[in-house]
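Inspection log for the structure reproduced underneath, given as structure tokens.
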Amino acid sequence: MDEPPDPFDALVVAALESLPEAFRDRLDSVAIVVEDEPDAEQLASVGAHGLLGLYTGVPRTAYGAENAGLASKITIFRGPHLRQYRDFDSLGRGVAETVRHEIAHHFGISDARLDELARERATPEGAARSSAYDAGGTK
């Protein structure tokens, strides 16, 4: 008898399925896994006290990334999400945001650039551009 699907895992799958096909098609070489908690080595690798997700590997923008000897891996951490997001709707949004964030690293986008993009989205002009894109616009 099959085990029922884990609701957290289903949120990760839903986040991946919500990505535009052009991005999903470029994730074949990336292992996407769910772990309960980050370990000390993972925390130390990024100098963090806590992690929602972690990308390890060679970004696609790096020279020769297609033939890199090190496989890319995205890890989404269940425990930190469950502690940070107390209801299912906010948990779903948080998981989706973490998945997109880690995938952005796979495509070579730094934390600094992600922060910059978040600040831009927080402005009225940025919010309008983001809404047009979310609605299927060509921004």
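Bear in mind these aren't lab numbers, they're just calculated from the coordinates by the rules spelled out. Everything numeric in this text was worked out from a predicted model, so none of it was measured. Glycine also receives a Cβ, built like all others from the backbone with ideal geometry; neighbour counts cover every protein chain displayed.
Using the empirical formula 2.2 N^0.38 Å as the baseline, the Cα radius of gyration of region 7-108 reaches a ratio of 1.07. Each residue in 111, 9, 89 was given a count of other beta-carbon atoms within 10 angstrom of its own, and listing them fewest first yields 89, 111, 9. Amide H to amide H distances under 5 Å link residue 27 with no residue, where only residues 5 or more positions off or on other chains count and H is placed in the peptide plane.
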